[in-house]
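Take a look at the structure set out below.
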Amino acid sequence: MREMTRRQALILGAVGAGSLVTGAVGLSQTGLPWDQRSGPIPSGGGADLLQPNVLSSSDGLLEVELEMGRAEVTLGDRTALMLTYNGTVPGPTLRLRPGDTLRVRLHNDIDEPTNLHVHGLHVSPEGNGDNPFLKIEPGETFDYEFTLPSDHPTGTFWYHPHHHGYVADQIFAGLYGAILVEDGPPADGERLLIVSDVSLTSDGNVRAASIRDRMMGREGEIVLVNGQVQPRIAATAGRRERWRVVNTCVSRHLRLDLAGMGALLLGVDVDRHEPRDPGDLILAPGNRAELLVTADAGTSEFRTLGYDRGGMGMGMMGGGGPFGNDGRAVVLATVEADGSGRTGFGDADDGGQAGAGDEGGAATSTLPEQTLLRDLRDAEPAARRTISFTMGMGMGAGMTFGFNGQEFDADRTDQDPAAGSVEEWTILNTTPMDHPFHLHVWPMQVVGANGSAVSEPYWRDVVQVPAGESRTMRIAFDTFTGRTVYHCHILDHEDAGMMGVVEASG
Ligand SMILES: [Cu+2]
């Protein structure tokens, strides 16, 4: 105990001095700039919300090239040098149907290793599939192929780099894009809102993370929607829209303030239910929400409210203040709704197709009937496992992050379910911070919280586990065999070792 106190004091001293410290959570090993000083926050919001370029499959196939490289992008009244797919932040939206094959030729033109993860897709983790162990070196090109089962859940997913040690830096710098899986063409009045955050130096580079950022999980000073600073959403009062909100932030939790927007929640991640009051809607990093929104006439702010995701339990490192997890409210966009017939979608003729009185529509037609998402509560689990988020003091002045006291080791298999079996995993968080738990490939049905059954189970691929709590999930290891990972979706924690390996075999 005395030893830990001394190490804690070392960390706090080092953070306070801003000096270089080696340890379990070291400084950037990437080619990104080392400057940790912030430049001015861009202003100049209010431009109309843009939609990323959409690339759609046809005849069961989507072939795309993703060129990763540095590019200048405009953020409000500032120019930033960010990392991009095909020159834009976010990258293009990939639109697929269940059963489709997605081929991605990935060119790595950044100066550090990378790879590609298709977050939430139920696809093979092996070979050139959704394989987090691949390493695409600078200058290399790699051909990915992902084949979706014919009963793949519909909904909103996303892609981003997943090379251990570089994930947070690369996403923070701009590498993310959406994947939509739908049975048909885009619905009228559909909007994608990709929320991200970034910090810039005075010369427009992405600000490097501090040690404190890496321990707390960095939160960018600039919050973007589709790469824009506080854009304007031009809507028609009383006209229903369908919003897909994606939280691609490295650590920031979104607590969506939907007042004045007549919002109904269709579901989070692959979960779907009858449209309902969204209540206190918190999206952890990686989560997506689909909403029906019917704005009132006038101008309203679409905000994220403050959210305290805990601290290090060490006094000055806790909660709010200058330590990154500021939990402040942020205006994401302004919604301007009028009754003049303008739709905001460039076609005034479609204004009457989804009026306020249309209670059915998109909501009921998207309720899925996938065997993958069957109720698993009746299954007899082949195994019950307990997996704990752990944070400790490292050998140097850094902290260690892991599960069950072990840091990530790509060569070690931590969980070994039999392919086709159903397992029950209880995820324990005895740390003083919230950690969102993400499992690749297989969706999780949350059936319990803090030792009690939940009244209504729900599906997630990222499950928020608040400090001091537990969540119990049922997982059907269906369809695929192979090795993949589970990890904390505060991506600074993942890069620091809060990740484990699961291999489904047999
Ligand atoms: Cu974490």
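Throughout, read-outs are computed from the coordinates displayed, never taken from laboratory work. Note that the structure is predicted; figures quoted are calculated from it, not measured. Please note: Cβ atoms are built from the backbone with ideal geometry, for glycine as well, and neighbour counts cover all protein chains shown.
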Hey, what did segment 384-448 get for relative contact order, percent, Cα under 8 Å, at least 6 apart? 39
Using only alpha carbon pairs under 8 Å that are at least six residues apart, calculate the relative contact order of segment 372-504 and give it in whole percent. 32
Filtering trypsin sites (Lys or Arg not before Pro) in segment 67-175 by DSSP loop and by at most 15 other Cβ atoms within 10 Å leaves Lys135
Using a Förster distance of 41 Å, the FRET efficiency for Asp280-Asp375 (Cβ separation, nearest 0.05): 0.95
Val465 long-range amide H proximity, modeled H, under 5 Å: His435, Phe437
For segment 192-203, just list the computed ³J(HN,Hα) in residue order, Karplus coefficients 6.51, -1.76 and 1.60, θ = phi - 60°, integers in Hz, with x standing in for Gly and Pro. 9, 10, 8, 9, 9, 9, 7, 10, 10, 7, 5, 8
Between segment 420-484 and segment 84-110, the alpha-carbon center distance in angstrom: 28
Using a 10 Å cut-off on Cβ atoms, rank the peptides 377-383, 153-159 from the highest mean neighbour count down. 153-159, 377-383
Do any GluC sites (Glu not before Pro) in segment 398-506 lie in a loop, going by DSSP, with at most 16 other beta-carbon atoms within 10 Å of their beta carbon, and if so which? Glu469
Could you list which residues have their amide H under 5 Å from that of Val447, counting only those 5 or more apart in sequence or on another chain, with H placed in the peptide plane? Thr472, Met473, Arg474
Gain upon complete extension [Glu145, Ala297; 0.36 nm per residue less C-alpha separation]: 50.1 nm
